[in-house]
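Report on the following structure.
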Amino acid sequence: MKKQTAMNQDWIATARTLSEALPYLQRYEGAIVVVKFGGHAMTDADGLENFARDIVLMRQVGVNPVIVHGGGPMINEMLDKLQVKSEFVRGKRVTDQATMDVVEMVLSGQVNKRIVQAINAQGGKGVGLSGKDANLMVCRQDDPELGLVGTPDEMDTTILHSMFRSDIIPVIAPIGMGREGQTFNVNGDTAAGAIAGALRADRLLLLTDVAGVKDGSGEVVTALTAQQIRDMTADGTIAGGMIPKTQTALDAIERGVRAVVILDGRAPNAVLLELFTEHGAGSLIRA
Ligand code: X2W
């Protein structure tokens with residue numbers, strides 16, 4: 001008999017991992033999972049390739065993934081090149097018409113197609129769209145001080161359901177249209193929350209560059225209720241850049257999303273770990 005090598009020990013572990021995933025695969029069969037992929041999480045090519053492989057695997061096992069992406073750093077880079085000045089107020093980019101033109105070009109053109117291509121390179125069927133396509137996301141102006149920043153106002157997810165039936169993975173740029181012909185810049189997290197809410201998604205995964213929601217001693221809390229989030233925000237435990245994420249989570253849950261997970265998108269196989277293992281990842285928030 002052949003001696004067991006370290007190599008085939010690895011294969012045995014892989015087979016066991018697959019076997020143990022069965023109840024999770026069964027649980028998520030047919031589920032809708034919206035994944036927000038932020039600009040900071042997509043800066044390196046390997047990270048994008050791994051992300052795309054995980055998404056294609058999700059689709060392969062019967063989940064309906066929807067990608068909503070950001071691209072803040074890529075927008076900044078292009079604005080710099082074109083010497084258009086840009087500033088943020090309360091976490092949102094003040095957007096005049098010149099800025100809007102660049103935002104749409106970068107998000108719908110460059111970033112969206114990069115993700116679509118990465119998914120298709122892994123054997124998936126990614127199709128890119130923005131909130132303008134098939135009236136997916138009609139917006140109103142958020143705050144006049146911010147210019148062309150939009151708040152999702154009316155969603156039509158018909159196109160996404162047709163895509164699910166055709167085995168297509170939708171990849172959505174956070175651009176909305178206004179009722180008077182405007183184009184609106186929508187924060188990526190806000191767009192992901194609105195789309196997840198309109199779909200009554202089973203999960204909204206917010207991939208960020210931190211491990212999750214931290215308690216007073218800096219430890220990541222793995223499970224939280226909406227009320228705990230409100231309390232931790234009121235007493236200052238949740239602060240800074242985490243506030244828009246947890247606010248998106250609360251809004252999404254209110255609209256009927258079953259649970260929202262805030263997790264580190266740079267961790268290897270973050271979405272698979274969250275969906276298909278007992279371990280989970282990041283902070284899970286539910287009603
Ligand atoms: C964002 C849209 C992109 C985004 C912006 O212009 O940067 C607003 O601020 P990340 O990578 O997810 O941050 N829109 C209104 O949200 O990108």
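Suppose we filter the stretch 61-74 for residues that are assigned to a helix (DSSP H, G or I) and either β-branched (Val, Ile, Thr) or touching a residue at least 60 places away in the same chain (Cβ under 8 Å) (or both); how many remain?
Pass one, the stretch 61-74, residues assigned to a helix (DSSP H, G or I): 72-74.
Imposing the further condition that a residue be either β-branched (Val, Ile, Thr) or touching a residue at least 60 places away in the same chain (Cβ under 8 Å) (or both) reduces the set to 72.
Selection size over the stretch 61-74: 1.
List every residue pair whose Cβ atoms sit under 7 Å apart, with the two residues 6 or more apart in sequence or on different chains, where the first one lies in the stretch 35-51 and is within 16 Å of GLY72 (Cβ to Cβ) and the second, anywhere, is assigned to a helix (DSSP H, G or I) and of a type in the set (Phe, Trp, Tyr).
Pairs found: PHE37/PHE51.
Looking at the stretch 208-225, which of its residues are surrounded by 16 or more Cβ atoms within 10 Å (Cβ to Cβ) and either touching an Asp or Glu at 6+ places or on another chain (Cβ under 9 Å) or within 18 Å of HIS279 (Cβ to Cβ) (or both)? Please lay out each step first, then the result.
Here is the first cut: in the stretch 208-225, the residues surrounded by 16 or more Cβ atoms within 10 Å (Cβ to Cβ) are 208, 210-214, 220-221, 224.
Result: THR208, VAL210, ALA211, GLY212, VAL213, VAL220, VAL221, LEU224.
I need the helices (runs of 4 or more DSSP H) fully contained in the stretch 140-245, keeping only those with at least 1 residues that are within 16 Å of the ligand (Cβ to nearest atom).
Values: elements: 158-165, 188-199, 226-234.
Fully inside the stretch 140-245 and qualifying: 188-199.
Being within 16 Å of the ligand (Cβ to nearest atom) and open to solvent by 30 Å² or more (accessible area, probe 1.4 Å) is the filter here; which residues of the stretch 39-66 pass it? Before the answer, list the steps.
So in the stretch 39-66, the residues within 16 Å of the ligand (Cβ to nearest atom) come out as 39-44, 47-48, 51, 66.
Across the stretch 39-66, the qualifying residues are HIS40, THR43, ASP44.
Looking at the structure I just gave you, is ALA98 of a type in the set (A, V, I, L, M), without any contact (Cβ under 8 Å) to a residue 40 or more places away in the chain and farther than 23 Å from ASN185 by Cβ? Outline the logic, then answer.
Values: of a type in the set (A, V, I, L, M): yes; without any contact (Cβ under 8 Å) to a residue 40 or more places away in the chain: yes; farther than 23 Å from ASN185 by Cβ: no.
When the stated conditions are applied, ALA98 does not pass them.
(1) within 14 Å of the ligand (Cβ to nearest atom); (2) in a loop (DSSP other than H, G, I, E, B): which one isn't true of GLU77, the others all being true?
(2)
Out of (1) in contact with a Ser or Thr (Cβ under 7 Å, 6 or more places away or on another chain); (2) buried (at least 20 other Cβ atoms within 10 Å of the Cβ), the odd one out for HIS69 is which?
(1)
Among (1) in a helix (DSSP H, G or I); (2) polar (S, T, N, Q); (3) within 11 Å of the ligand (Cβ to nearest atom), which single condition is SER108 missing?
Going through the list (1) in a helix (DSSP H, G or I); (2) polar (S, T, N, Q); (3) within 11 Å of the ligand (Cβ to nearest atom), SER108 breaks only (3).
Could you go through the stretch 26-38 and let me know if any residue there is more than 13 Å from the ligand (Cβ to nearest atom), touching a Ser or Thr at 6+ places or on another chain (Cβ under 8 Å) and open to solvent by less than 80 Å² (accessible area, probe 1.4 Å).
Of the stretch 26-38, the ones more than 13 Å from the ligand (Cβ to nearest atom) are 26-34.
Filter once more, so that each one left must be touching a Ser or Thr at 6+ places or on another chain (Cβ under 8 Å): none.
Among the residues of the stretch 26-38, not one is more than 13 Å from the ligand (Cβ to nearest atom), touching a Ser or Thr at 6+ places or on another chain (Cβ under 8 Å) and open to solvent by less than 80 Å² (accessible area, probe 1.4 Å), which makes the answer no.
Residue by residue through the stretch 3-38, note down the ones that are modelled with pLDDT of 90 or more, of a type in the set (D, E, K, R) and within 20 Å of HIS279 (Cα to Cα).
ARG16, GLU20, ARG27, GLU29
Could you tell me whether GLN110 is without any contact (Cβ under 8 Å) to a residue 40 or more places away in the chain and on the phi > 0 side of the Ramachandran plot? I'd like the intermediate steps shown before the answer.
On the way: without any contact (Cβ under 8 Å) to a residue 40 or more places away in the chain: yes; on the phi > 0 side of the Ramachandran plot: no.
For GLN110, the condition - without any contact (Cβ under 8 Å) to a residue 40 or more places away in the chain and on the phi > 0 side of the Ramachandran plot - is not met.
When both residues are 6+ apart or on different chains and their Cβ atoms are under 6 Å apart, which pairs have a first residue that lies in the stretch 267-287 and is closer than 21 Å to VAL56 by Cα, and a second that is open to solvent by less than 40 Å² (accessible area, probe 1.4 Å) and of a type in the set (Val, Ile, Thr)?
GLU274/VAL261
Could you please give the count of residues in the stretch 83-127 that are under 19 Å from GLY47 (Cβ atoms) and of a type in the set (Gly, Ala, Ser)? First the steps, then the outcome.
Step one: list which residues in the stretch 83-127 are under 19 Å from GLY47 (Cβ atoms), which gives 106-107, 110-124, 126.
Still in the list and also of a type in the set (Gly, Ala, Ser): 118, 121, 123-124, 126.
Qualifying residue count, the stretch 83-127: 5.
The values are calculated or read from the model by the stated rules, or taken from the named source; none is laboratory data. Here the structure is a predicted model, which means the values were calculated and not measured. Virtual Cβ from ideal backbone geometry, glycine too; neighbours counted across all protein chains shown. Note: accessible area is taken over every heavy atom of the protein model, side chains too, but ligands, DNA and RNA are not part of it. Shrake-Rupley method; radii C 1.70, N 1.55, O 1.52, S 1.80 Å.
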